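Asks: Pasting a structure below so you can have a look.
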Amino acid sequence: MSSVLTIRGGVPLAGRVQVRGAKNLVPKAMVAALLGSEPSVLRNVPEIKDVEVVTSLLRLHGVTVLKDPDTGDLTLDPKDAKTASSTAIDAHAGDSRIPILFCGPLIHAIGEAFIPDLGGCKIGDRPIDYHLNVLRQFGAVVEKRPGGIHISAPKGLHGARISLPYPSVGATEQVLLAATRAEGITELTGAATEPEIVDLIAVLQKMGAVINVESDRTIRIEGVRELRGYSHRALADRNEAASWASAALVTRGDIYVDGATQRDMMTFLNTYRKVGGGMDIDDQGIRFYHRGGKLNPLVLETDVHPGFMTDWQQPLVVALTQAEGVSIVHETVYENRFGFTDALVRMGANIQVHRECLGSVPCRFGQRNFLHSAVISGSSQLKGTAIDVPDLRGGFSHLIAALAATGTSTVTGIDIINRGYERFADKLAGLGADFDVSDSRKISV
């Protein structure tokens, strides 16, 4: 069963929402618990689909996962780690790409790993080649089998000198999780340095890992024989915070995001202010609001940290449809991230997508046939329509477009949004949104 939102737009969102631990950190910290010799405790855990998927996968592999009913904290005990059947793993893996990160910890814990075919959002080519090549450099043996990939290390994992051609977050996480207990020293150049990566390093350091991060995107890991458990509070989800900020701007609303942190959002906050959004920052969170009057167009390019995050781009594009003038957005991280604009055009937005690089940031897609630059002419009056959610951030962007539009929109496939937005329907209701939730089997779109 899939849920549907019927949204009656035109109501400014106003009120307070809370963001908890980052989707891009919490599941990875859960996997890291497999490396320990004793239980770990993870706090500030959001109620999202990715956490449910990793919980199920850990339990399949013999890890005891207990949730405190009052605080939501997770206790993860890996002492009985074991091999899981490929059929059981496959039953859960279609919902997430996280299983590829189980490889290093499982090899250290039980000597092997099986990774089924992976799912995830369809926003571009995110091959697992980086991951498999990394594991081979550590000495792993990779075998293609029916339904997935079997990975083992008969002689154990050993430190390696690894250079990434692109600062991939996933590949950097793979190196960290494999290298901490590998024999010898690992040097990773071209690493990703996002706040979520730094927080994962903090988790591993608490467990006993020795990890140095240099200013030139080089990470050095000295392998240790054993890691203990950790106690850690996950950093807040800056992507969800930025999404609610854009929702406030698009609907001419006023939203206080409890848990939003200035330090990890500085690039976004600068851009938000340039567009014309208002903000008040305190120690508990950030208030985002529409100042009244016109929004400003701008030229924007996504980039790896500390640049403007690709996950911030899609919700902000909806806000740019309401700016007076022409905005240009150059996407340099995922090549197919503008597919969500088709629905915005049907709602009345004036958006043209191009294959050319409309910007100066070095881009991997310039000589390839991908629509990765967008020209947005505004302002546009959005009108309600029928929408099918394409991916996580695009889906949330469609929601806020529907909330700002005149008339009624029917949004199907909203279960994808549960992967990264905790109780988003409850939060929308608390902000005054006018909508109903129903079963897609009862609605013809």
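The values are calculated or read from the model by the stated rules, or taken from the named source; none is laboratory data. Bear in mind the structure is a predicted one, so any value in this text is a computation, not a measurement. A quick note on method: Cβ atoms are made from the backbone with ideal geometry, for glycine too, and the neighbour counts reach across all protein chains shown. Surface accessibility is based on the protein's heavy atoms, side chains included, excluding ligands, DNA and RNA. Shrake-Rupley method; radii C 1.70, N 1.55, O 1.52, S 1.80 Å.
Asks: Once R0 is set to 25 Å, what does the formula 1/(1 + (r/R0)^6) return for the Cβ-Cβ distance between I281 and R233, expressed as a FRET efficiency to the nearest 0.05?
Replies: Given R0 = 25 Å and the Cβ-Cβ separation, E is 0.75.
Asks: Using a 1.4 angstrom probe on heavy atoms only, work out the carbon and sulfur share of the accessible area of segment 292-338 in %.
Replies: 53 percent
Asks: Would you mind telling me which residue in A33, A182, A91 has the biggest mean-square fluctuation in a Gaussian network model of the chain, where springs connect alpha carbons within a distance under 10 angstrom?
Replies: Residue with maximal mean-square fluctuation among A33, A182, A91: A91.
Asks: Using the Cα centre of segment 196-352 as the reference point, and only Cβ charges (+1 on K/R, -1 on D/E), how large is the resulting charge dipole? Debye, rounded to the nearest 20.
Replies: 200 debye
Asks: Starting at the first residue of segment 218-235, write each ³J(HN,Hα) from the Karplus equation 6.51 cos²θ - 1.76 cosθ + 1.60 with θ = phi - 60°, in whole Hz, x for Gly and Pro.
Replies: 9, 10, 10, 10, 9, x, 10, 6, 8, 10, 9, x, 9, 10, 8, 9, 5, 5
Asks: A further question on this structure: How much of the accessible area of segment 368-445, in percent, comes from carbon and sulfur atoms when a 1.4 Å probe is used?
Replies: Exposed carbon and sulfur together represent 47 percent of the surface.
Asks: Considering the dipole of the chain built from charges on the beta carbon (Lys and Arg +1, Asp and Glu -1) around the Cα centre, which of I7, H61, Y421 is farthest to its positive end?
Replies: Going by the charge dipole, the pick is I7.
Asks: Okay, moving on. Taking the convex hull of the alpha carbon atoms in the chain, what volume per residue do you get, in Å³?
Replies: 139 Å³
Asks: Looking only at R161, R20, R252, which one moves most when the chain is put into a Gaussian network model with springs between Cα atoms under 10 Å?
Replies: Judging by the Gaussian network model, the answer is R161.
Asks: Moving on. Sequence-distant or interchain residues sharing an amide H contact under 5 Å with Y256, placed H: which?
Replies: G15, R16, V17, F288
Asks: Report the one residue of L399, G277, A349 whose Cα lies farthest in the direction of the positive end of the charge dipole of the chain (charges on C-beta: Lys and Arg +1, Asp and Glu -1; origin at the Cα centre).
Replies: Comparing the listed Cα positions along the dipole, A349 ranks first.
Asks: How much of the DSSP beta bridge set in the chain is antiparallel, as a percent to the nearest 5?
Replies: Antiparallel: roughly 70 percent of the beta bridges in the chain.
Asks: Something else about it: Enumerate the lysines that K67 could reach by cross-link, defined here as Cα to Cα under 23 Å, with residues fewer than 8 away along the same chain left out.
Replies: K23, K28, K49, K79, K82, K206, K427
Asks: A follow-up question, please. Counting Lys +1, Arg +1, Asp -1, Glu -1, what net charge surrounds V141 among other residues with beta carbon under 11 Å of its beta carbon?
Replies: 0
Asks: Which value, in debye to the nearest 20, gives the size of the charge dipole of the chain about its Cα centre, when Lys and Arg are +1 and Asp and Glu are -1 at the Cβ?
Replies: With only Lys, Arg, Asp and Glu charged at Cβ, the dipole is about 400 debye.
Asks: Can you give the angle from 0 to 90° between the axis of helix 169-179 and the longest principal axis of the chain, with both taken from C-alpha atoms, to the nearest 10?
Replies: Between the helix axis and the principal axis of the chain, the angle is about 20 degrees.
Asks: Nearest 10 degrees, 0 to 90: what angle lies between the long axis of helix 392-404 and the longest principal axis of the chain (Cα atoms)?
Replies: Tilt of helix 392-404: around 20 degrees.
Asks: Next question, about the same structure. By how many degrees, 0 to 90 and rounded to 10, does the Cα axis of helix 266-275 deviate from the longest principal axis of the chain?
Replies: Value to nearest ten degrees: 10.
Asks: For every helix of n ≥ 4 consecutive DSSP H residues, a contribution of -39,500 (n - 2.57) applies; sum these over the chain, divide by its total residues, and give [θ] at 222 nm rounded to the nearest 500 deg cm²/dmol.
Replies: Computed ellipticity for the chain at 222 nm equals -8500 deg cm²/dmol.
Asks: Here is a further query. Using a 1.4 Å probe, what is the accessible area per residue for the chain, in Å²?
Replies: Normalised by residue count, the accessible surface of the chain is 40 Å².
Asks: Turning to a different aspect of this structure: Roughly what would the spin-label model give for K82 and E143, points 7 Å off Cα along C-beta, in nm?
Replies: 2.2 nm
Asks: Going by Cα centres, segment 277-337 and segment 125-203 are how many Å apart?
Replies: Here the answer is 32 Å between Cα centres.
Asks: Okay, next question. Work out the charge dipole of segment 283-326 with +1 on the Cβ of Lys and Arg and -1 on the Cβ of Asp and Glu about the Cα centre, then indicate which of V299, P315, G325 is farthest towards its positive end.
Replies: G325
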